[in-house]
Amino acid sequence: MSAFPGNFAAAELGVFWDLEDCKMSENVSASETLQNIRLAISSSGHHGTVSIRAYGDMTGLEFPSDGIKVNHFPAGERFARARHTKMLEDIVSWSGEHPEPSNLMLILKEPSQDLLEIVELLKSRKNYMVHSVN
């Protein structure tokens, strides 16, 4: 994970996580996974507000009620497009609601072409920093 220089260290961070493509370890609970994500972010120098959104099959997962917004999509390839579309919509909405400077973190394997275009647009703005974890 890259560092958070200057104003980005305190700027809001939106995390968008595709649970289907980037699964949690079977030996670690959802709560512990969230703690690990937050620890990695703070260890990289970020000390601002973090909001996390997860997309995928939430069956059997128990996330804490605060600190994460879950978006349930049944497992399987037939739901991949709907999952990615919802993620894209949420990124566009989030970026419109959060003033610059802001940070965007994507935890996913294969972003769609539409998502790549939005990410490139945000990167082209001087006050958005995009972090990718795959």
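Quick note: the coordinates plus some simple rules give every number you see, no bench work behind them. Since the model is a prediction, treat every value here as computed from it, not as a measurement. Cβ placement follows ideal geometry from the backbone for every residue including glycine, while neighbour counts extend to all protein chains displayed.
General remarks:
- Between ALA82 and LYS23, the simple spin-label model (points 7 angstrom out along Cα→Cβ) gives 2.1 nm.
- Every pair of different Cα atoms in the stretch 56-123 enters the Kirkwood calculation, which places the hydrodynamic radius at 13.5 Å.
- Two-site label geometry, GLU89 and GLU120: point separation in nm, points 7 Å out along Cα→Cβ: 2.5 nm
- Peptides 75-81, 98-104, 111-117, 55-61 ordered by average Cβ neighbours within 10 Å, highest first: 98-104, 55-61, 111-117, 75-81
- Of TRP94, TRP17, the sequence from fewest to most neighbouring Cβ atoms within 10 angstrom is TRP94, TRP17.
- Note on the chain: lysine pairs with Cα distance below 23 Å, sequence gap of 8 or more or different chains, count 8.
- The stretch 22-68-the stretch 69-134 distance, computed between alpha-carbon centres (Å): 16 Å
- Scalar couplings 3J(HN,Hα) for the stretch 8-25, obtained by applying the Karplus form with A = 6.51, B = -1.76, C = 1.60 to θ = phi - 60°, are 5, 5, 9, 6, 4, 10, x, 9, 10, 10, 8, 5, 6, 8, 10, 6, 7, 5 Hz; x denotes Gly and Pro.
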